[in-house]
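A.B. asks: The structure follows.
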Amino acid sequence: MDIAQLHYMANQIARNLAANGDESAIAATAQHITDFWEPRMKAGLFASDRAALDPIARAAVERLAPSLPPDQGRQC
Amino acid sequence: MGYERQPDFGTPEVSSATTVTLAIDGREVSVPLGTTVMRAAALSGGSIPKLCASDNLAQFGSCRLCLVEVDGMRGTPASCTTPVAEGMVVHTQTPRLQKLRKGVMELYISDHPLDCLTCSANNDCELQDQAAAVGLRDVRYGYSGESHLGLAADTSNPYFDFDPSKCIACSRCVRACDEVQGTFALTMDGRGFASQISAGQAGDDFMASDCVSCGACVQACPTATLQEKAVKEIGRPERSVITTCAYCGVGCTFRAEMRGEQVVRMVPWKDGKANHGHSCVKGRFAWGYANHQDRIRSPMIRETIDQPWREVSWDVALTFTADRLTAIKTQYGARALGGITSSRCTNEETFLVQKLVRAGFGSNNVDTCARVCHSPTGYGLKTTFGTSAGTQDFDSVDHSDVILVIGANPTDAHPVFASRMKRRLRADAKNGGAKLIVIDPRRIDLVLSPHVEAAYHLPLQPGTNVAVLTAMAHVIVTEGLTDEAFIRDRCDWDEYQDWARFVSDDRHSPEILEAVTRVSASDLRGAARLFATGGNGAIYYGLGVTEHSQGSSTVMAIANLAMATGNVGRPGVGVNPLRGQNNVQGACDMGSFPHELSGYRHISDDSARALFEADWQVALDPEPGLRIPNMLDAALDGSFRALYVQGEDILQSDPNTHHVAAGLKAMECVIVHDLFLNETADYAHVFLPGSTFLEKTGTFTNAERRIQMVRKVMEPANGPDGGGMEDWQVTQALANAMGLDWNYANSGEIMDEIARLTPSFAGVSHARLDQAGSLQWPVDAAHPDGSPIMHVDGFVRGPNDKRGGKFVVTDYVPTDEKTGPRYPLLLTTGRILSQYNVGAQTRRTQNTVWHGEDLLEMHPTDAENRGLGDGDWVRLASRTGETTLRLAVTDRVAAGVVYTTFHHPATQANVVTTEFSDWATNCPEYKVTAVQITASNGPTQWQESYASWSAKSRRTAVPADPAE
Ligand code: SF4
Ligand code: SF4
Ligand code: SF4
Ligand code: FES
């Protein structure tokens, strides 16, 4: 999957939830990705360069996939 | 059963707690107080002659045919204007009345052509019936006097004619246009004998007038003066079948009046609870596409998309398809396959497609075109209220005091409901008419139309819905206008307080946000106060809310506003999404979204999944599937390879046409199941011909959650030699070709499965619908007869905790689509009355006389700055692409904003729309695109190369082997 597109989507979710305060925004972003993203999208996001994500989205990804080795995030 | 018109009781139904009993011709009759003598007589099986009365119009009393005698009353009052009274004794047929009525009829007939035998209304004419009823045998005045005979007929409307020589000046047409439709297009000129009906100004014909061709006047006319052309051509119908319109989410029900297998006319069904006997031009008249020559009647296949199509038998096509799908699944896994359901298809068909994907393909990659229109409604209302649906029935609007319309254009997109709404808005102070607030970048017709004027029109900058709604909430909270008792009783108080604190912040005041929204702060304050304090407040919204990068936030902001003002859970209030296509609600209910099963249960919910797994005898993938845009992305990287598209044209309706085309091109097996070779079919390997709504049985669910039957009136035309199949049969045949062994004998059995697996449909079956006419879900043990209004005793969300209403903080996050020096204008898109969606059907009817092409609306200042004039060809360019179309200069749109529709493939408005989408659901942001407009002298290169590619990809080869 197009990583830039996945990052854009994750950041956009985080931005829209940010007004709830960091802790709640991180939890809600993580939950949103869990509920609505297809496995290859999740895998692509988790395996990508997390530094490129906004802080809330990055924290959400950390929470969902604390230790996923990058090569496991192969597309599909 | 032979053909009969629906009974007409003469005057409208009234409701009253008091019952009055009277005697009519010796029969004792009990009716509600306020009923007319005419209606009471009709209800008790009698029939008083009448010409100017009809039960969908207010009583008028002009023809004097309906006279009766009442004991103790002087003279002969008109029964259509005389209310019943307790103990009244009425005589409707006496020698005196007979004489009077004969005299009246003589006058009418002396000015009427006596060509009954050759008249197209012969045997279906009230004048003829009444002449017979009063026993008219001769006309004393002769027929030679001055008359209206010989006046020229107006045949300008493509669907009906107006022949003034047959007019009896009853003015039913004028009243139907005013009262029922609310367009005020007709007038009665002159008085007495000189009276004449005319459309618009003197010299106008119907086409040139304001007439919107709804047909209410045609239906009201007791003679052949206003009559459908089809009746002239085909003759009088001989039977009728009740069915449901397949166009918009109003869900009007019709009597399909048939002669053999030919539709003569569609007459709105008076007992239809969504439309109460009214309709618009599309449903009543635009059904001719079913027989259009472009209709594909045979399955077709091709190895690659650059080859011509080959017509083949169903067997060959289905085997070819199943083999390809199975090969792809074997090589790339189940997640490489997916399907798209259509909100144009029935619930049963939609349910079956998602079942094929989940149980047959083995993935959850199923989505629906609702993705691109109302997916934010699903998300937003589920989050706040607990169900993904509107809260009210349409009748609720009769009890509204303030109506807030945001991002919707009901008179064009939901015309029959708009007529209802206008009737409520027109009701005068005495009748407590409602006030109107319109929030829309464009001055839609509702803002100012005959006898309707909005109290406030807030012409916001496209893309700032959340900011405007937050500012309204700011006013309501900071000025203490909330309904605290309601909130404490039904919502989570802590969440409310978080929200209230958020909106109260100064940065959300209308004065500060004015810079962003361009809405006058004082108007905004006025509108917010009116909504909060004006009585029952109802919110109606459409795609102008959902098709934004903050579509879901806007839906939740609307829900917040309704909760904060206590406007949920009773008639006259609520949050009401106006659905675009006829079965958007149904498609969402039926589990078309990749993350949820029917009835909005998440695919990861083990108990819900177990129910389906047990019923279907197959294990389901617990992970959500791909949405349409994700499918296209995945196709480009090779991990998604096969797509079954039923009744959808994603190439034309989805944003960024180039991206959609590239995604489709990358796939190995695209199956299009549709009526016509649509734009998506240019990229397909298999074409499975579909059936129209006239050719199948099933159900549609309209915007008020009303489930209604669609009934087959003719055989499907999509198979050689009577081998036609309804769409659900085609899906079943494909499933069986893949080895699934499905055995539904009829669509009713599919509904039984839906009911078995979906709690909110538990009490629904075709038999139950036949008997009840329609049912609004939830239909379950607690609501055996359905639920016209939801959340009555508390929100559905958190049923065990009465305080289920959830306030959600919705922060305004500007879209990333921004204007700048290169693209200084904002494009927003919409639809118009006579065309429907991508226009596949309506473009193939005579509705094109009203909308032959898509036009670009631009404010005079912007046009002048660019040296452009009305009718000029212009180039419309965005970061994504460009197209050309012609310009309409109008101040309906604000400076800085341009507007167009997307009904015609030649325009390809979606070549310019971007891929930005709603943060929560990926619903595309159709309503905001930064563009530049410049002069042009014709179609762009893309349009031309597209046209030639399109012609090439639609070639059909002569069948090589006729035995196939
Ligand atoms: S067709 Fe409808 S809008 Fe036109 S004149 Fe008749 S009632 Fe009015
Ligand atoms: S056109 Fe028909 S409905 Fe209208 S006044 Fe004449 S007869 Fe009556
Ligand atoms: S298109 Fe909509 S309003 Fe028009 S007849 Fe059909 S359901 Fe009714
Ligand atoms: S029907 Fe009563 S006056 Fe015409």
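A.B. asks: Going residue by residue through segment B:604-623, is there one that turns out to be touching a Pro at 6+ places or on another chain (Cβ under 9 Å) and crowded, with 22+ Cβ neighbours inside 10 Å?
C.D. replies: For segment B:604-623, residues touching a Pro at 6+ places or on another chain (Cβ under 9 Å) and crowded, with 22+ Cβ neighbours inside 10 Å: absent.
A.B. asks: Among the candidates B:145, B:150, B:103, single out the residue that is at pLDDT below 85, more than 44 Å from the chain's Cα centre (by Cα) and not assigned by TED's automatic domain parsing to the domain that holds residue B:40. Full working, then the answer.
C.D. replies: Details: B:150 fails: more than 44 Å from the chain's Cα centre (by Cα); B:103 fails: at pLDDT below 85.
Residue meeting the stated conditions: B:145.
A.B. asks: Select the strands (runs of 3 or more DSSP E) contained entirely in segment B:364-477, then report the ones holding at least 3 residues which are open to solvent by less than 10 Å² (accessible area, probe 1.4 Å).
C.D. replies: Details: elements: B:366-368, B:402-406, B:435-439, B:456-458.
Strands (runs of 3 or more DSSP E) meeting the threshold: B:366-368, B:402-406, B:435-439.
A.B. asks: In segment A:1-12, what residues are more than 9 Å from the chain's Cα centre (by Cα), aliphatic (A, V, I, L, M) and either more than 7 Å from chain B (Cβ to nearest Cβ) or open to solvent by less than 10 Å² (accessible area, probe 1.4 Å) (or both)?
C.D. replies: Our first condition is that a residue be more than 9 Å from the chain's Cα centre (by Cα); within segment A:1-12, this holds for A:1-5, A:8, A:12.
Add one more test, that the residue is aliphatic (A, V, I, L, M), and what stays is A:1, A:3-4.
Once the filter is applied, which keeps residues that are more than 9 Å from the chain's Cα centre (by Cα), aliphatic (A, V, I, L, M) and either more than 7 Å from chain B (Cβ to nearest Cβ) or open to solvent by less than 10 Å² (accessible area, probe 1.4 Å) (or both), segment A:1-12 yields A:3, A:4.
A.B. asks: Evaluate the following for residue B:282: is it over 25 Å from residue B:729 (Cα atoms) and open to solvent by 20 Å² or more (accessible area, probe 1.4 Å)?
C.D. replies: Details: over 25 Å from residue B:729 (Cα atoms): yes; open to solvent by 20 Å² or more (accessible area, probe 1.4 Å): no.
In short, no.
A.B. asks: Sticking with this one: What number of residues within segment B:632-662 satisfy the criterion of being under 25 Å from residue A:34 (Cβ atoms) and more than 10 Å from chain A (Cβ to nearest Cβ)?
C.D. replies: Residues meeting the conditions: 2.
A.B. asks: Something else: Go through segment B:885-904 residue by residue and tally those that are of a type in the set (S, T, N, Q), at pLDDT 85 or above and either part of a strand (DSSP E or B) or crowded, with 23+ Cβ neighbours inside 10 Å (or both). Lay out the reasoning, then the answer.
C.D. replies: As a first pass, look at segment B:885-904 and keep what is of a type in the set (S, T, N, Q): B:890, B:900-901.
Filter again for at pLDDT 85 or above, leaving B:890, B:900.
Going one step further and asking which of them are either part of a strand (DSSP E or B) or crowded, with 23+ Cβ neighbours inside 10 Å (or both), we end up with B:900.
So the answer is 1.
A.B. asks: Kindly indicate which of B:487, B:539, B:512 is more than 14 Å from chain A (Cβ to nearest Cβ) and without any contact (Cβ under 8 Å) to a residue 24 or more places away in the chain.
C.D. replies: Values: B:487 fails: without any contact (Cβ under 8 Å) to a residue 24 or more places away in the chain; B:539 fails: without any contact (Cβ under 8 Å) to a residue 24 or more places away in the chain.
Residue meeting the stated conditions: B:512.
A.B. asks: What pairs can you find where one residue is in segment B:917-939 and at positive phi and within 14 Å of chain A (Cβ to nearest Cβ), the other is open to solvent by less than 10 Å² (accessible area, probe 1.4 Å) and outside any loop (DSSP other than H, G, I, E, B), and their Cβ atoms are less than 6 Å apart, with a gap of 6+ or different chains?
C.D. replies: none
Listed here are the residues, each with its yes/no results for (1) in a helix (DSSP H, G or I); (2) modelled with pLDDT of 90 or more; (3) surrounded by fewer than 23 Cβ atoms within 10 Å (Cβ to Cβ).
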{"residue": "B:862", "(1), (2), (3)": "yes, yes, yes"}
{"residue": "B:883", "(1), (2), (3)": "no, no, no"}
{"residue": "B:906", "(1), (2), (3)": "no, no, yes"}
{"residue": "B:927", "(1), (2), (3)": "no, no, no"}
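A.B. asks: Next up: Just one of B:65, B:51 is open to solvent by less than 50 Å² (accessible area, probe 1.4 Å) and under 36 Å from the mean Cα position of the chain (by Cα); which is it?
C.D. replies: Details: B:65 fails: under 36 Å from the mean Cα position of the chain (by Cα).
Within the list B:65, B:51, the selection yields B:51.
A.B. asks: Within the set of pairs 6 or more residues apart or between chains, which connect a residue that is basic (Lys, Arg) and at pLDDT below 85 inside segment B:192-217 to a residue that is open to solvent by 10 Å² or more (accessible area, probe 1.4 Å) and within 15 Å of ligand 2 (Cβ to nearest atom) with Cβ atoms less than 8 Å apart?
C.D. replies: That search, which allows pairs on different chains as well, returns nothing.
A.B. asks: Among the numbered conditions (1) in contact (Cβ under 8 Å) with a residue 40 or more places away in the chain; (2) over 32 Å from the mean Cα position of the chain (by Cα), tell me where residue B:532 comes up short.
C.D. replies: (2)
A.B. asks: Shifting gears a bit: Residue B:720 - would you say it is over 30 Å from residue B:408 (Cβ atoms) and at pLDDT below 90?
C.D. replies: yes
A.B. asks: Could you grab me the full set of residues in segment B:602-625 that are within 14 Å of chain A (Cβ to nearest Cβ) and either of a type in the set (Asp, Glu) or more than 26 Å from residue A:43 (Cα to Cα) (or both)?
C.D. replies: Listed by number, the residues that qualify are B:605, B:621, B:623.
A.B. asks: Looking at this structure, is residue B:176 within 16 Å of ligand 3 (Cβ to nearest atom), among the small types (Gly, Ala, Ser), open to solvent by less than 30 Å² (accessible area, probe 1.4 Å) and modelled with pLDDT of 80 or more? Let's see the steps before the verdict.
C.D. replies: Numbers: within 16 Å of ligand 3 (Cβ to nearest atom): yes; among the small types (Gly, Ala, Ser): yes; open to solvent by less than 30 Å² (accessible area, probe 1.4 Å): yes; modelled with pLDDT of 80 or more: yes.
It is true that residue B:176 is within 16 Å of ligand 3 (Cβ to nearest atom), among the small types (Gly, Ala, Ser), open to solvent by less than 30 Å² (accessible area, probe 1.4 Å) and modelled with pLDDT of 80 or more.
A.B. asks: From the list B:242, B:197, exactly one residue is over 30 Å from residue B:108 (Cα atoms), touching a strand residue (DSSP E or B) at 6+ places or on another chain (Cβ under 7 Å) and not in a helix (DSSP H, G or I). Which is it?
C.D. replies: B:242
A.B. asks: Return the total of residues in segment B:732-747 being touching a Gly at 6+ places or on another chain (Cβ under 9 Å) and not in a loop (DSSP other than H, G, I, E, B).
C.D. replies: Qualifying residue count, segment B:732-747: 3.
A.B. asks: For residue B:208, which of the numbered conditions (1) open to solvent by less than 40 Å² (accessible area, probe 1.4 Å); (2) away from ligand 3 (no atom under 16 Å from the Cβ) fails to hold?
C.D. replies: Evaluating residue B:208 over (1) open to solvent by less than 40 Å² (accessible area, probe 1.4 Å); (2) away from ligand 3 (no atom under 16 Å from the Cβ) leaves (1) as the failure.
A.B. asks: Return yes or no: is residue B:230 away from ligand 4 (no atom under 16 Å from the Cβ), assigned to a helix (DSSP H, G or I) and not charged (D, E, K, R)? Steps first, please.
C.D. replies: Working: away from ligand 4 (no atom under 16 Å from the Cβ): yes; assigned to a helix (DSSP H, G or I): yes; not charged (D, E, K, R): yes.
Yes: the conditions hold for residue B:230.
Residue-by-condition table, conditions (1) part of a loop (DSSP other than H, G, I, E, B); (2) over 30 Å from residue B:164 (Cβ atoms); (3) away from ligand 4 (no atom under 11 Å from the Cβ); (4) of a type in the set (Ser, Thr, Tyr):
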{"residue": "B:42", "(1), (2), (3), (4)": "no, no, yes, no"}
{"residue": "B:53", "(1), (2), (3), (4)": "yes, no, no, no"}
{"residue": "B:56", "(1), (2), (3), (4)": "yes, no, yes, no"}
{"residue": "B:104", "(1), (2), (3), (4)": "no, no, no, no"}
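A.B. asks: Can you name every residue in segment B:779-818 that is of a type in the set (Phe, Trp, Tyr) and away from chain A (no Cβ under 14 Å)?
C.D. replies: We begin by selecting, within segment B:779-818, every residue of a type in the set (Phe, Trp, Tyr); these are B:795, B:807, B:812.
Of everything in segment B:779-818, just one residue is of a type in the set (Phe, Trp, Tyr) and away from chain A (no Cβ under 14 Å), namely B:795.
A.B. asks: Determine which member of the set B:629, B:594, B:577 is more than 14 Å from residue B:359 (Cα to Cα), surrounded by 24 or more Cβ atoms within 10 Å (Cβ to Cβ) and within 14 Å of chain A (Cβ to nearest Cβ).
C.D. replies: Details: B:594 fails: more than 14 Å from residue B:359 (Cα to Cα); B:577 fails: within 14 Å of chain A (Cβ to nearest Cβ).
So the residue among B:629, B:594, B:577 that is more than 14 Å from residue B:359 (Cα to Cα), surrounded by 24 or more Cβ atoms within 10 Å (Cβ to Cβ) and within 14 Å of chain A (Cβ to nearest Cβ) is B:629.
The values are calculated or read from the model by the stated rules, or taken from the named source; none is laboratory data. Remember, predicted model here, so these are calculated numbers, not experimental data. Glycine gets a Cβ as well: all are built from the backbone with ideal geometry, and neighbour counts include every protein chain shown. Remember, those area values only see protein heavy atoms, side chains included, never the ligands or the DNA or RNA. Shrake-Rupley method; radii C 1.70, N 1.55, O 1.52, S 1.80 Å.
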